[in-house]
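Q: Handing you this structure, nothing more for now.
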Ligand code: 5AD
Ligand code: SF4
C-alpha cells in the first residue's frame, strides 16, 4: 500500500515539475513515506530520520518531509523529535505537496487532514517497471479492529470508480504489465454504486493483455459467495486467498472485535477450498494481544495446524495509541510474546515446507518476473498460488531463452518453505 502511495506522490510531484533523484544525497527534497501499524515500523522511521538530519546539516537547503500513516498518527511527537522537518503530510494530503514544498519560511508545513472524498482516482501513479503492478482499488477502513490504527490514520473506506480502474489497468496492459494486484485495506469491501468486488474482478478480467489478477488484502468477513465464485470461475483471478485470522481463540477474536468466530472462519475456509481448485491460503496472526493466555495461544497453534496455511505473516502485538484496545494496555510480557512468536514461526515453517513439498512432481504455469536473486542464470516467477518458482532460464540446446513477462510451464523438482525449485516442463 505504501509503495503504491509513494507512486502516487511521485506522480503528483512530477506533474509539478519535479524529477526523481537516484539517491537522497543528490536530492533537493527527501520524503519518507511511513507506516504506523506497529511500534517497530515507527522505530525504523525515527532511525532513518536521524540519518536524514545529518544530510540536512550538511545541506540546509534540502527539504525534508514525513508522509503517510506515522505523520498522521503522531504528528505532535514527531514535530517535537524532528524539528528539522519541513513538511508533514498525512495519506490524504499528497495532492497539496507541491504547494507545501513551495512555501518559503522556516515553519514546517503540516497537513494531516483526513478527507473522506480523496481517492486520487484521477492521478495515474508512477508505476515502476516489471510484469506486475499494484493498483489501489479502495482506500481507508471502516472495520475498527480493536488493535489497529489504520482506520484512524487512513480514514473511512472509499472506493475508486470502476471506470478509473478500467482506464488505469488498460494503460498498464498497453505498457506490457501482465499481472495486476488490486489493493485496499479491506479490498473485498470494495463497492462503487452497483459494482461490488466480484463484479470489479470480472470487469478487470475483461481487459486484454492482463493475464493474472490478484488482490490484497481481503477481510474474511467480506468474502461473499460471489467472490468465491469469481475466483473459482474467472481464469485470470489467481487461486490464492489471504484470510487474516489474527487469533485462533474466540475469546481473543471477540476482544479484537474482528467480527467472526473460529467456527465461522473454518466454515469459510472449507467453502473456499471446496470451490477453488488448488487454492493457496495465507494469513496474518498477532500473538500476545491483551489478555491472551497460554490456552488462547495454543488455540492459535491448533488453528494453524488445522488450516495448514501456505504462508503467514506473524507479529507481536504492539499497543497503538488511539485504538480501542489502547486503554487495555499490554498484559503479555515482551519475552513471552517473543516465545510465542518463535513457536508460531517454527510451526508455520513446517507447514509451509509440507505444503510446498506436496507440489513436487506437479506442473504449474509461471509468470516470469526476471533473473532470480541467487543469480547463476536462474529465473524467478510466481505460480498461480503466488509461490516463488526458481528455474534455469534455458534448457538444452535450441530452446529460446525465457524472458520476463513470458508464462512458462515448470515442473517442481524440490521445495523449501519459501520457494519451489523447478525445471521447464
Ligand atoms: N500489533 C501487531 N500487529 C498488528 N497488525 C495490525 N495492527 C497491529 C498491532 N497493533 C497486523 C495485523 C494485520 C497486519 C497488516 O498487521 O495482523 O492484519
Ligand atoms: Fe486494521 Fe482491521 Fe481495518 Fe485490517 S480490517 S486495516 S486489521 S481495522
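Read-outs: derived from the displayed coordinates by stated rules, not from any lab. Predicted model only: the values in this text are computed from it and were never measured. Here the Cβ is made from the backbone with ideal geometry for all residues, glycine too, and neighbour counts use every protein chain on show.
Q: Over the C-alpha atoms of the stretch 363-424, what are the Rg and the largest Cα-to-Cα span, Dmax, in Å?
A: In order Rg, Dmax, the Cα atoms of the stretch 363-424 give 10.4, 33 Å.
Q: Then there's this: Once every DSSP H run of n ≥ 4 in the chain is given -39500 (n - 2.57) and the sum is divided by its residues, what mean residue ellipticity at 222 nm do you get, rounded to the nearest 500 deg cm²/dmol? Working shown, then result.
A: On the way: 13 runs with 147 residues, N = 425.
Calculated mean residue ellipticity at 222 nm is -10500 deg cm²/dmol.
Q: Given points 7 Å out from each Cα along the Cα-Cβ axis, report the residue 324 to residue 61 separation in nanometres with one decimal.
A: The answer from the label model is 5.2 nm.
Q: Could you state the number of Å between the C-alpha centres of the stretch 16-61 and the stretch 337-403?
A: Here the two parts' Cα centres lie 34 Å apart.
Q: Then there is this: Of the DSSP beta bridges with both residues in the chain, give the percent that are antiparallel, rounding to the nearest 5.
A: Antiparallel bridges make up about 40 percent of those DSSP assigns within the chain.
Q: Further question on the same structure: With a cut-off of 8 Å between alpha carbons and a minimum separation of six or more residues, what is the relative contact order of the stretch 215-312 in percent?
A: 34 percent
Q: Also: Just the number, please: percent antiparallel of the DSSP beta bridges in the stretch 20-160, rounded to the nearest 5. Intermediate results must be reported in sequence, preceding the final value.
A: Numbers: 2 of 14 bridges.
So the antiparallel bridges amount to about 15 percent of the total.
Q: Compute the relative contact order of the chain as a whole-number percentage, counting only Cα pairs closer than 8 Å that sit 6 or more residues apart in sequence.
A: With pairs under 8 Å counted, the relative contact order is 11 percent.
Q: Counting residues in the chain as N, plug N into 2.2 N^0.38 Å and put the Cα Rg over that result.
A: It is 1.03.
Q: Same structure, new question: Please give the FRET efficiency for residue 425 paired with residue 302, using the beta carbon to beta carbon distance and R0 = 51 Å, rounded to the nearest 0.05.
A: 0.85
Q: Follow-up. Which value results for Rg/Rh of the stretch 274-322 when Rg is the Cα radius of gyration and Rh the Kirkwood radius based on the inverse mean 1/r? Please list the in-between numbers first.
A: Numbers: Rg = 13.6 Å, Rh = 12.6 Å.
Taking Rg over the Kirkwood Rh, I get 1.08.
Q: Beyond 18 Å, how much of the Cα-Cα pair distribution for the stretch 115-177 remains, as a whole percent?
A: Value for the stretch 115-177 (Cα pairs over 18 Å): 46 percent.
Q: What nm distance separates the two modelled labels at residue 2 and residue 347, each placed 7 Å from Cα along Cα→Cβ?
A: Once both label points are built, they end up 2.9 nm from each other.
Q: What is the distance in Å between the Cα centroid of the stretch 240-293 and that of the stretch 123-197?
A: Result: 23 Å between the Cα centres.
Q: Which value in Å does the Kirkwood hydrodynamic radius of the stretch 2-111 take, with 1/r averaged over all unlike C-alpha pairs and then inverted? Could the numbers behind the result be given before it?
A: Details: mean 1/r = 0.0715 Å⁻¹.
The Cα-based Kirkwood calculation yields 14.0 Å.
Q: Considering the Cα positions of the stretch 301-368, please state its Rg to one decimal place and its Dmax as a whole number of Å.
A: My reading of the Cα-based Rg and Dmax gives 17.1, 52 Å.
Q: Now for a different question. Extent of the stretch 294-425 along each principal axis, from alpha carbon coordinates, in Å, largest to smallest?
A: Dimensions of the stretch 294-425 along the principal axes of its Cα atoms: 66, 30, 22 Å.
Q: For the stretch 242-358, what's the radius of gyration and Dmax over Cα atoms, in angstrom?
A: Every Cα atom of the stretch 242-358 included, Rg and Dmax give 14.4, 45 Å.
Q: Under a plain spin-label model, where a point goes 7 Å from the Cα along Cα-to-Cβ, how far apart in nm are residue 264 and residue 362?
A: 3.0 nm
Q: Using a 10 Å cut-off around each Cβ, can you sort 145, 35, 69, 422 from fewest to most neighbouring Cβ atoms?
A: Going from least to most buried by this count: 35, 145, 69, 422.
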